[in-house]
Amino acid sequence: MGVLALAPTAIDPTMITRARALRRNMTEGERKLWSELKEFRRLYGLHARKQAPIGPYIVDFVLHEKGVVIEVDGEHHFTPERMEKDQKRDAWLGQQGYRVLRFSTGELAESFDGCVEEILREVGVM
């Protein structure tokens, strides 16, 4: 019987490099939300990942077992061109079985606890 070879990852190595760079350069809102999301494992048994490649995209945060993607949108996301790209991205992620929650950096700054509560409701904890 031969040795089983591990299949190479299906993720493009350039995506992995880009995701690593994004992890190192998170915005203040992303850092604050990540601080909360990483506690989900201890508190609720849910594993969150940050700056994770999914297909052709890198999402800000994902809870794979709940099929929830969380995006933090800065002001550049509110141009017509970027909004159209985000709609296409959200549709593609939806076809893969993910629900996308989007929060603006302003929402996180003004109502952080409310944003976290919305995430908890979406994953079925609240």
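Quick notes on this one:
- Residues whose amide H falls under 5 Å from that of Leu101, counting only those 5 or more places apart or on a different chain, are Val69, Ile70, Glu71, with hydrogens built in the peptide plane.
- Distance distribution P(r), the range 27-122, all Cα-Cα pairs, bin width 5 angstrom from 0: 3, 13, 25, 26, 21, 10, 2, 0 percent.
- Added length on full extension, which subtracts the Cα-Cα distance from 0.36 nm per residue, Tyr44 to Arg121: 26.5 nm
- Placing +1 on the Cβ of every Lys and Arg and -1 on the Cβ of every Asp and Glu, with nothing else charged, gives the range 27-122 a dipole about its Cα centre of roughly 520 debye.
Computed from the coordinates by the stated procedures, all read-outs in this text should not be read as laboratory data. Worth saying up front: this structure is predicted, and the values here are computed from it rather than measured. Every residue, glycine among them, receives a Cβ derived from its backbone with ideal geometry; neighbour counts consider all protein chains shown.
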